[in-house]
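Participant: After the structure tokens below, expect a handful of questions from me.
The values are calculated or read from the model by the stated rules, or taken from the named source; none is laboratory data. Note that the coordinates shown come from a computational prediction; the quantities given were computed from them, not determined experimentally. No Cβ is skipped: glycine too gets one built from the backbone with ideal geometry, and neighbour counts run over all protein chains shown. Ligands, DNA and RNA are stripped out before the accessible areas are found, and what is left, the full protein with its side chains, is counted by its heavy atoms. Shrake-Rupley method; radii C 1.70, N 1.55, O 1.52, S 1.80 Å.
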Amino acid sequence: MVENRPEPDLTGMANAQRPDEGPSMGPMDDGYADRLRDMFEQVEQGDLSGLGRFINILHANDLADLFGVLPLPLWPDVISRLGIARISDLMEELPDHLRDDLAEHLEHKELTEIIEAMASDDAADVLADLPAPLARDLIRALPREDRREVEALLRYPEDTAGGIMQVELVAVPETATVAETTEAVRANAEEASTFHFIYVVAEDNRLVGVLNLGALLLAPPDQLIGELVKRDIHVVHPEVDQEDVARLFRRYDLVALPVVDDGGRLLGRILHDDVVDVLDEEADEDMMRMAGATTREPELVYTGQVLKIAGVRLPWLLATLAGLTAPAFLVSAFQVSFPDMITLVPFIPVIGAMGGNVGSQSSTIVVRGFATGRVDVHNLGKFLFKELMISLLMGVACGLLAGVVAIVWRGNPLLAVTVAVSMLAAMTTAALLGVLVPWMFRLLKIDPAIAAGPLVTTINDTTAISIYYVMALFLISR
């Protein structure tokens, strides 16, 4: 039954708070889906005035969500209602595959203005994702200073500290006074719109320390900045991996982190909002790898690009298929060794599945531990011992239960012992492999998240069935 609902009050929506005035309408708000449907109807009916009122109350993130579900033929009507600043914010939030689509709907001059309106780090990220010929043309069209900043950032890999830093900041010499520093803040307020600290440098641009804004406001105008500067600070080099940067922010509750070169010269800063994006990105990539979809574009798997998605996921499935030939040969060996195999067969998938579950649990925990820094080479042995003890306890419990089921069902004490011992051994071995396989990948400089999915499961299936086969040969055949 379809429930009748009142038409939305677009006039009231137009009078709602704008993103810069307070809370904005978001995907979790009541009626969000209904408002999207109403917007589609407005576009299809040519009601661009109503459309304008609707999109002007959306936050840039919500607008990006809207474009993610909006059919491409309707994009021009929506884009025509957005100014350069709004499109600039929208392009920063769009997934990579949708940025190309948006760029195709814009003139070259508009694109240049949009890139120019962005912070340097966001501009570099967007340009890196656009087609190379278009990106080169846009960089050449930028003003000299903006071009120099973007080119400097593009030299760093996008997953490093240099790739996520921005060059807009306020830096003053340590010989400056409080009054001179205040003027410098005012002069740079438009370019460096977000202030957390003022960076204090020596004459060669070597970072000396930082100055808190509160200390600046409370100090007398003629006091030297060098007397107020905090010198014991955290810094990072541009080549450091972005995951390590995120760990620094998490460990020390940072809101901003200066980036310096080998000589200690100030290059830029990393803000906490960029680190949040890094954490989301790394979590997405790890989950995609654990699912067998090893791609640098996690958003790809949620698009309609069927062939491309299949191409990403198929290689790991084929590798898993090849790995599962070993258990198939083992089952065949069962048939040769045990002609009356019917009593053994029902427990093969049970033992394999229990071993696979324990292995997946252990590998997921250790991969997450590597990512958060809770597990490293110094405490790996302790972590491995703990996982073995846990798996031993779980194996004893599950093995006894499976043995009881076997003897009640089949009335064969040797079969019950075989199943119980096999399950205990399979689960303990699975925990061992679940820790060691990701660690070996880490030693080989390969993302250990790859090992937490199909690979560990396939290895554990083969190992569990092998253990069951050997136990059956040893206990039942004899």
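Participant: Can you tell me which residue within region 252-284, out of those that are open to solvent by less than 60 Å² (accessible area, probe 1.4 Å) and in a helix (DSSP H, G or I), is farthest from V201 (Cα to Cα)?
Facilitator: A283
Participant: Taking only region 394-424 into account, find how many residues are under 11 Å from I467 (Cα atoms) and open to solvent by 30 Å² or more (accessible area, probe 1.4 Å).
Facilitator: Total meeting the criteria: 2.
Participant: Regarding T428, is this residue open to solvent by less than 40 Å² (accessible area, probe 1.4 Å), more than 24 Å from F385 (Cβ to Cβ) and at pLDDT 85 or above?
Facilitator: no
Participant: Can you tell me which residue is nearest to L266 (Cα to Cα) among those in region 167-205 that are over 33 Å from the mean Cα position of the chain (by Cα) and loosely packed, with under 14 Cβ neighbours inside 10 Å?
Facilitator: D204
Participant: Continuing with this model, one more query. What pairs come up if the first residue lies in region 414-430 and is more than 15 Å from P346 (Cα to Cα) and assigned to a helix (DSSP H, G or I), the second is of a type in the set (S, T, N, Q) and open to solvent by 20 Å² or more (accessible area, probe 1.4 Å), and their beta carbons are under 6 Å apart, counting only those six or more places apart or on different chains?
Facilitator: These pairs meet every condition: T429/T463.
Participant: Can you find a residue in region 144-163 that is free of Cβ contacts under 8 Å to residues at least 60 places away in the same chain, over 32 Å from the mean Cα position of the chain (by Cα) and in a loop (DSSP other than H, G, I, E, B)?
Facilitator: Within region 144-163 (the criterion being free of Cβ contacts under 8 Å to residues at least 60 places away in the same chain, over 32 Å from the mean Cα position of the chain (by Cα) and in a loop (DSSP other than H, G, I, E, B)), the answer is no, since none of the residues qualifies.
Participant: Just to be sure, is A333 under 30 Å from G411 (Cα atoms), open to solvent by less than 40 Å² (accessible area, probe 1.4 Å) and modelled with pLDDT of 70 or more?
Facilitator: In short, yes.
Residue-wise test of (1) in a helix (DSSP H, G or I); (2) open to solvent by less than 40 Å² (accessible area, probe 1.4 Å); (3) more than 25 Å from L169 (Cα to Cα).
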position	(1), (2), (3)
A64	yes, yes, yes
I87	yes, yes, no
L90	yes, yes, no
A103	yes, yes, yes
L106	no, yes, yes
L111	yes, yes, no
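Participant: Still on this model: For the structure I just gave you, tell me whether A152 is under 19 Å from L94 (Cα atoms) and of a type in the set (G, A, S).
Facilitator: Taking the combined requirement at face value, the residue does not satisfy it.
Participant: Please go through (1) in a loop (DSSP other than H, G, I, E, B); (2) surrounded by 14 or more Cβ atoms within 10 Å (Cβ to Cβ) for H234 and return the number of the only condition it doesn't satisfy.
Facilitator: H234 satisfies every listed condition except (2).
Participant: In region 126-139, what residues are of a type outside the set (G, A, S) and open to solvent by less than 50 Å² (accessible area, probe 1.4 Å)?
Facilitator: Listed by number, the residues that qualify are V126, L127, D129, L130, L134, L138, I139.
Participant: Hey, could you check region 211-239 for residues that are modelled with pLDDT of 95 or more and of a type in the set (V, I, T) and say which is nearest to the chain's Cα centre (by Cα)?
Facilitator: For region 211-239, the residue satisfying everything is V236.
Participant: Related question: For the condition of a type outside the set (S, T, N, Q) and assigned to a helix (DSSP H, G or I), what is the one hit in G209, G226? Can you show your working first?
Facilitator: Numbers: G209 fails: assigned to a helix (DSSP H, G or I).
Only one candidate qualifies: G226.
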